Amino acid sequence: MESAPKKLRLGVLLSGRGSNFLAIANNIRSGALPNVEIAIVLSNIADAPAIAAARQLNLPTKVHVSKGRPRAEHDRDMLATLRENNVDLVILAGYMRLLSPEFIHAFPTRILNIHPSLLPAFPGLDAQTQAFEYGVKIAGCTVHFVDEHLDHGVMILQRAIPVLDTDDAHSLAERILAEEHQAYSEAIARVASGQYEIDGRRYMKRV
């Protein structure tokens with residue numbers, strides 16, 4: 001009798017409402033994202049709404065408050081918790097802190113982030129507003145591996161949407177978020193499959 005395949009264990013880092021985290025959790029529970037499980041949900045904000053949501057889902061949670069602490073010291077606590085929970089892949093889901101080099105080196109090509117623009121355009125904060133005010137006709141989101149530079153790592157996938165004449169910055173952000181909820185789980189599934197290779201800055205699926 002064959003044993004069940006080992007599930008990829010996710011460590012989810014977040015700071016706010018965590019809508020991307022909830023989309024991922026729902027896809028795992030529904031079976032749309034198989035062979036993946038959430039090992040731990042971590043927040044740097046004690047009263048982050050997503051932590052309360054994770055507890056309602058009976059997921060393991062932990063808070064390491066970052067305010068007033070050196071980044072490297074805080075990140076060491078985060079890393080220790082991830083290791084204690086045997087995390088394979090780290091997912092940033094609205095985690096509003098830059099990671100220290102020590103953290104990134106601990107999980108090489110094992111940290112994912114989603115950004116609400118078609119990188120390399122509009123990195124940093126308020127990307128949707130940046131895109132809208134620039135007047136682009138196509139917007140979207142990017143899931144990428146995290147490296148030492150802001151919104152810079154190898155891109156796994158992108159999803160694009162047209163910018164409508166009826167859009168404002170808020171409506172554009174909401175439509176991009178709907179794409180994010182699909183894109184993140186798709187990217188996790190791709191990484192979980194192991195059927196890919198990285199050549200320079202190119203992520204390529206193995207045939």
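For the reader, a short list of remarks on this structure follows.
- Pair list, Cβ under 8 Å, 6 or more apart: the range 1-19 residue assigned by TED's automatic domain parsing to the domain that holds Ser66 and closer than 9 Å to Ile40 by Cβ, other residue modelled with pLDDT of 95 or more and among the acidic types (Asp, Glu): Arg9/Glu37; Arg9/Asp88; Leu10/Glu37; Leu10/Asp88
- Of the residues examined, Val87 is one that is modelled with pLDDT of 95 or more, crowded, with 19+ Cβ neighbours inside 10 Å, in a loop (DSSP other than H, G, I, E, B) and not charged (D, E, K, R).
- A single entry from Ala52, Ala23, Ala32 fulfils the requirement of being surrounded by fewer than 22 Cβ atoms within 10 Å (Cβ to Cβ), farther than 26 Å from Ala160 by Cα and among the small types (Gly, Ala, Ser): Ala52.
- Among the residues of the range 10-19, those that are under 13 Å from Met96 (Cβ atoms) and either among the β-branched types (Val, Ile, Thr) or surrounded by 21 or more Cβ atoms within 10 Å (Cβ to Cβ) (or both) comprise Leu13, Leu14, Gly18.
- Test: residue in the range 128-141 that is over 22 Å from Asp199 (Cα atoms), small (Gly, Ala, Ser) and either touching a Phe, Trp or Tyr at 6+ places or on another chain (Cβ under 6 Å) or surrounded by fewer than 19 Cβ atoms within 10 Å (Cβ to Cβ) (or both): yes
- Residue in the range 69-84 that is at pLDDT 95 or above, surrounded by 21 or more Cβ atoms within 10 Å (Cβ to Cβ) and closer than 18 Å to Ser185 by Cα present: no
- Residue list for the range 143-180, restricted to those being of a type in the set (S, T, N, Q), free of Cβ contacts under 8 Å to residues at least 40 places away in the same chain and under 22 Å from Val12 (Cβ atoms): none
- Residue count for the range 93-110, restricted to those that are out of contact with any Ser or Thr (no Cβ under 7 Å at 6 or more places or on another chain), touching a residue at least 60 places away in the same chain (Cβ under 8 Å) and surrounded by fewer than 21 Cβ atoms within 10 Å (Cβ to Cβ): 1
- Sole residue being out of contact with any His (no Cβ under 7 Å at 6 or more places or on another chain), more than 27 Å from Asn27 (Cβ to Cβ) and either in the same structural domain as Asn20 (by TED's automatic domain parsing) or touching a residue at least 12 places away in the same chain (Cβ under 8 Å) (or both), chosen from Tyr184, Tyr134: Tyr134
- Boolean, Ile40 is in contact with a strand residue (DSSP E or B) (Cβ under 9 Å, 6 or more places away or on another chain) and part of a strand (DSSP E or B): yes
- Just one residue in the set Ala187, Ala183, Ala169, Ala173 is on the phi < 0 side of the Ramachandran plot and surrounded by fewer than 18 Cβ atoms within 10 Å (Cβ to Cβ); that residue is Ala169.
- Any hit, the range 61-81, residues being of a type in the set (A, V, I, L, M, F, W, C) and not in a helix (DSSP H, G or I): yes
- The set of residues in the range 111-137 that are of a type in the set (A, V, I, L, M, F, W, C) and part of a strand (DSSP E or B) comprises Ile111, Leu112, Ile114.
The values are calculated or read from the model by the stated rules, or taken from the named source; none is laboratory data. Values in this document were obtained by computation on a predicted structure and should not be read as measured data. Every residue, glycine as well, gets a Cβ built from its backbone with ideal geometry; the counts of neighbours run over all protein chains shown.
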